[in-house]
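What follows is a set of notes on a single structure, which appears directly below.
Only the coordinates and a few stated rules stand behind these numbers; no lab work does. Note that the structure is a prediction, hence the values are computed from the model and not measured. Neighbour counts are summed over all protein chains in view; Cβ atoms, including those assigned to glycine, are modelled from backbone coordinates with ideal geometry.
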2 protein chains.
Amino acid sequence: MAANLLNARDMALHACLCAASRPLSAYDLLDARRAAEPRIAPTAIYRSLTKLEKAGLVQRVATLNAWIARPPKLPAEPSVLAICDSCGAVEQVAEAGVIQAVTDAVTRSGFHPNRPVIEVHGHCTRCESETDPIRSAPR
Amino acid sequence: MAANLLNARDMALHACLCAASRPLSAYDLLDARRAAEPRIAPTAIYRSLTKLEKAGLVQRVATLNAWIARPPKLPAEPSVLAICDSCGAVEQVAEAGVIQAVTDAVTRSGFHPNRPVIEVHGHCTRCESETDPIRSAPR
DNA sequence: CCCGAAGATGTTATAGAGTAACATCAAATG
DNA sequence: CATTTGATGTTACTCTATAACATCTTCGGG
Ligand SMILES: [Zn+2]
Ligand SMILES: [Zn+2]
Ligand SMILES: [Zn+2]
Ligand SMILES: [Zn+2]
């Protein structure tokens, strides 16, 4: 056995996500991959993404139905995602304490947490400074 | 103007979600509603759900592509969701402090939070006590 | 009362995300 | 070599969500 290693396609998809400034959908990746593999199907993309996710190299963005590459540090654990609704950029906030606080909270009510998903929509620093000084609709 | 009030259909969909023990997809609701309105289309369901969401009466479960009714208390604010992957039940944990901790964390990195989505998958008390004493696959 | 504007709702069609099922291939094992 | 087992290819489909446009309703100004 032991064929859970990443192949050239997996690496290519990961490189795609690393190069992107925004999350990519599985079908974005499919289109990108078609240049090298014209007959590739969605199934193959999803199989690669599952493998990469298990390896801690990519993370799904549930509220966008899209995927991001994880930074080389902290390979396995999930991140808190800060998603800018203006420019689409996603920042991965490594706040282990916050994740712990969330799992503690649900544990307190008898729940047995396993996979936390924490995504915050809003605006990144750049977009906020561009749009907010104007302040539309005060009442 | 002022027709953002809930109509009979909205109320019926909300009642549907209230009666369910698990989240329902928009198409579950569509099927349920077909009994009363045979020609109703997905668009109408989504329009109702958007209205109900704005009213704080329902909440979307991003990681399930499904919807739940919110308890009558705390009508507007989002909840931390504890989602049992065995029985499908979703508990809404009213932990304002935890949500604050999450928004604080992203604010600390310069982000301007607007809509937090916090969903924790795992097992509820009942399912955990049913399955875990057996302890399968120790090695 | 008539008319137009603005919003709500109906209707059709389509886009987008994800998976089931099965065929085929490749490697390991003895 | 023959068998088995997992990976990959291929087809077709299900499920989720929205675009686009038609129609109807409501309401205020003339
Ligand atoms: Zn931005
Ligand atoms: Zn802002
Ligand atoms: Zn359960
Ligand atoms: Zn468990």
Filter the range A:83-108 down to residues that are out of contact with any Cys (no Cβ under 6 Å at 6 or more places or on another chain), within 21 Å of A:CYS18 (Cα to Cα) and hydrophobic (A, V, I, L, M, F, W, C), then give me how many there are. 4
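Is it the case, given these coordinates, that B:SER25 is buried (at least 20 other Cβ atoms within 10 Å of the Cβ) and hydroxyl-bearing (Ser, Thr, Tyr)? Outline the logic, then answer.
On the way: buried (at least 20 other Cβ atoms within 10 Å of the Cβ): no; hydroxyl-bearing (Ser, Thr, Tyr): yes.
Here the answer is no, as B:SER25 does not meet what is asked.
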In the range B:59-79, what residues are under 14 Å from B:ALA89 (Cα atoms) and of a type in the set (Ser, Thr, Tyr)? B:THR63
Here's a check for you: in the range B:79-114, which residue that is of a type in the set (S, T, N, Q), part of a loop (DSSP other than H, G, I, E, B) and surrounded by fewer than 18 Cβ atoms within 10 Å (Cβ to Cβ) is farthest from ligand 3 (Cβ to nearest atom)? B:SER109
Out of curiosity, is A:VAL106 within 16 Å of B:VAL106 (Cα to Cα), within 14 Å of chain B (Cβ to nearest Cβ), in contact with a strand residue (DSSP E or B) (Cβ under 7 Å, 6 or more places away or on another chain) and among the aliphatic types (A, V, I, L, M)? no
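Which helices (runs of 4 or more DSSP H) does the range B:1-77 wholly contain that include 2 or more residues that are without any contact (Cβ under 8 Å) to a residue 60 or more places away in the chain and within 9 Å of DNA strand D (Cβ to nearest atom)? Spell out how you get there, then give the answer.
Details: elements: B:8-19, B:26-34, B:42-54.
Filter on the range B:1-77 gives B:26-34, B:42-54.
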Odd one out for B:HIS112 among (1) within 25 Å of B:LEU13 (Cα to Cα); (2) within 16 Å of ligand 1 (Cβ to nearest atom): (1)
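Considering only residues that are facing chain B (nearest Cβ under 7 Å) and either away from ligand 3 (no atom under 16 Å from the Cβ) or farther than 29 Å from A:PRO72 by Cα (or both), which ones fall in the range A:115-133? Explain how you work it out, then say what you get.
To start, the set of residues in the range A:115-133 that are facing chain B (nearest Cβ under 7 Å) comprises A:115-125, A:128.
A:PRO116, A:VAL117, A:ILE118, A:GLU119, A:VAL120, A:HIS121, A:GLY122, A:HIS123, A:CYS124, A:THR125, A:GLU128, listed by residue number.
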Among residues of the range A:55-78 being among the small types (Gly, Ala, Ser) and either surrounded by 21 or more Cβ atoms within 10 Å (Cβ to Cβ) or within 8 Å of another protein chain (Cβ to nearest Cβ) (or both), the residue farthest from B:ILE83 (Cα to Cα) is A:ALA66
